[in-house]
Every structure is written in C-alpha cells, then in structure tokens.
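The values are calculated or read from the model by the stated rules, or taken from the named source; none is laboratory data. Owing to the predicted nature of the structure, the values given are computational and were not obtained by experimental measurement. Cβ placement follows ideal geometry from the backbone for every residue including glycine, while neighbour counts extend to all protein chains displayed.
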Amino acid sequence: MRAFVASSFSGFTGLTLRDIPSPTPAEDRLLVRVVAAGVNVVDHSILHGKMPMVTSPLVLGNEGAGIVEHGDTDFPTGTRVAFGGPFGVLEQGTYAEFVAVPKAMLYRVPANINLIEAAGLPVAYISAFIALEMAGFAAGKIVYAPGVFGGIGNATLQLARALGAKQVISSTASSEKASRAHAAGFDHVIDMSTEPLVAAVRRMTEDYGVDVVVDGLSGPILSASLSVLATQGTIVTVGYSAGREANIDVTNLIWKSGQIKGFNFLLETPERWELAWESIQSLLAKEEIRPIVDQVFSFEETADAMRYLVEERPSGRVIVAL
C-alpha cells in the first residue's frame, strides 16, 4: 500500500511517499480502507522533531475515516467509520491506504456526515467534549473557546452551544475570520484586531466573566483567559499552537478559587473516548453540530496540506483525500 513515512524528524525532507506492506487485521483490530485523513498540528510537530518521544520510521496521520474491510458482527464489511488516537504518534498513522484499527477506537459515522467531514472529527470533538466535562461544564454556564475556526475552538463552540451553554464566546485575530464566523452563525466572536480580549469578554458578559475555558492555543491567550475567569471557573488547556509559555498572575487563581487543568488525548481511555463519541454522534445525527472543512488536498499533496494548516491558519479543518 502507499503511505507517507517520516524516515527522520528533520522537516519535510524526511517525509516520503512509499510502498509498504499493508497492515494485517488481528483479533481485536479491523482493517479500514482510508478514504480521508485529518491534518493536525501534531503531524507537523512530529515531523519537525518537536516530540522527542516518537520514533522513526513512522507513518504520520493522527485521525481518519474510511470503510471497514473484512468486518465482523460488530462492524460489518462496508461500515463507515472514523477513528483517532495513538495513530501517527505511537503507532502507524492514517496517511496510508489501510490502517488496522482497534475495535474500541472505531466510531460509526452518521449517514448525514460524509467521510471527508468525518476525517476531522475524532480528535478535536472528543477532546473538546472531555475537556468540557473536566471543566465541570453544565447547561447555563458561560464558555470561552478561543480560535473560532481552529479544531478545538470550533468543536468546543459547537458542542457547548448544542449542550445548553448560556453563552459561548470565541475569538480570532483576523477581522476577515470574525466576519466569516458571524456569517456562519457564530455570534459572540471577538475580533482581537479591533478590541482587546479581556475588555470584550467583560463587555459581553456584563463583567461576570466565563465559567469554562477550553484553550487549544495557550501562550498569551491562556494569560488573558485567567483575567476573565469567573469565580470558581476552570481552564482546560488542550494545545499550544499560539505558544508554549504563558505568564500567569496567580492572584487570578487565588482570589477566584480558579483552576487550570491540562488535557492529553492519549492519556484518556478508549472507553471514555467511546462514551464521548456516543453524545457527539447523536448531536451530529440531529444536525446540532457540523464539522467545517476549509480545504481538501489530494493524497499526493499531504506535505502541502501540513504546510497550509500551519502557515495559513485556515477557517476550518484541512483534510487529505485518498
């Protein structure tokens, strides 16, 4: 089968399209013919040597969607599935024509969602759902999800809104993206190029602040989030695409009895992933949430897709179609 293999973690020069042996299904794994793969920042980070615990050679790609081949009674042949997890990090990934996926990590795709859309669902939506749980989210709370079109930001925004948040606030540093977000039906989006984040949140919440922050950006966004955290509010930090370091005023934690928690998708159990997916699948089927795809690249353009994600900051998910 064809697969994009990182022979070294030295940048794009280490990524090559190769013919390698197809994986073999096992008792607890089914063979999936990959139709599309989601492109994530973690792929770029691994390829550029920013995750030293990962070893080469490695087929990259953290999530995908496809069709079950040679299925069983639980997942018959032809079942449309999405999957995400350790792929492209701790085991061979989704930038390949076939993947042998543990059954516990296979998620049925609702009929109203195509496999291109589904390829970008598992990691962001499951992460956002569990992060909301970790933060003590409940209907009626105010949520801040920075990065209105980012994977985690948009998934959190949509999930919190569908699950009954009183208000869901997001943000962007681009006036163009803010306009696009409003046109897409996302209200309460802060254009940080025209209004400071802290002032905007205070205005939107009448100085109350936010109960929950699910932060996929970190850096200065995490620092500002602390300033607008409501009493006994919680921040769950999921990523660091805006920076690995943040200045923290500890009085914002002490006076408000606030919390900051870290989330690592790979440290959650497949059972917890599956429980999250059950809720996500229901919301997808009822069209209360819907993934947003910015651009689809061909399989041969996988390296270009990674560059586009990191350099262009797209307005939605970037997908590779096989």
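Does the stretch 184-205 contain at least one residue that is within 23 Å of Val39 (Cα to Cα) and either touching a residue at least 40 places away in the same chain (Cβ under 8 Å) or assigned by TED's automatic domain parsing to the domain that holds Phe299 (or both)?
Kept after step one, since they are within 23 Å of Val39 (Cα to Cα), are these residues of the stretch 184-205: 184.
Filter once more, keeping what is either touching a residue at least 40 places away in the same chain (Cβ under 8 Å) or assigned by TED's automatic domain parsing to the domain that holds Phe299 (or both): 184.
Yes, because at least one residue in the stretch 184-205 is within 23 Å of Val39 (Cα to Cα) and either touching a residue at least 40 places away in the same chain (Cβ under 8 Å) or assigned by TED's automatic domain parsing to the domain that holds Phe299 (or both).
So, in the stretch 261-302, how many residues would count as being buried (at least 18 other Cβ atoms within 10 Å of the Cβ), out of contact with any Gly (no Cβ under 6 Å at 6 or more places or on another chain) and hydrophobic (A, V, I, L, M, F, W, C)?
Residues that pass the stated criteria total 11.
Within the stretch 273-295, identify whether any single residue is modelled with pLDDT of 95 or more and either under 15 Å from Ser171 (Cα atoms) or aromatic (Phe, Trp, Tyr) (or both), and answer yes or no.
yes
So is Gly150 crowded, with 16+ Cβ neighbours inside 10 Å, modelled with pLDDT under 95 and under 30 Å from Val201 (Cβ atoms) or not?
Answer is yes for this residue.
So the check is Cβ under 6 Å with 6+ separation or different chains; which pairs have a first residue in the stretch 130-157 that's touching a residue at least 60 places away in the same chain (Cβ under 8 Å) and closer than 30 Å to Glu176 by Cα and a second one that's in a helix (DSSP H, G or I) and among the β-branched types (Val, Ile, Thr)?
Correct list of pairs: Ala145/Thr156; Pro146/Ile221.
Looking at (1) more than 30 Å from Asp191 (Cα to Cα); (2) over 16 Å from the mean Cα position of the chain (by Cα), which one does Glu63 not meet, given that it meets all the others?
(2)
I'd like the full set of residues that are within 24 Å of Arg317 (Cα to Cα), touching a helix residue (DSSP H, G or I) at 6+ places or on another chain (Cβ under 9 Å) and of a type in the set (S, T, N, Q), limited to the stretch 46-88.
If the condition is that a residue be within 24 Å of Arg317 (Cα to Cα), touching a helix residue (DSSP H, G or I) at 6+ places or on another chain (Cβ under 9 Å) and of a type in the set (S, T, N, Q), then Asn62 is the only one that fits.
Got a sec? Which of Ser218, Ser171, Ser241 is within 18 Å of the chain's Cα centre (by Cα), at pLDDT 95 or above and either more than 21 Å from Leu283 (Cβ to Cβ) or not assigned by TED's automatic domain parsing to the domain that holds His44 (or both)?
Ser171
Is there a residue being crowded, with 21+ Cβ neighbours inside 10 Å, farther than 20 Å from Val143 by Cα and of a type outside the set (Val, Ile, Thr) anywhere in the stretch 205-214?
No, because not a single residue in the stretch 205-214 is crowded, with 21+ Cβ neighbours inside 10 Å, farther than 20 Å from Val143 by Cα and of a type outside the set (Val, Ile, Thr).
Consider Arg313 carefully, then state whether it is among the basic types (Lys, Arg) and modelled with pLDDT under 95.
Yes: the conditions hold for Arg313.
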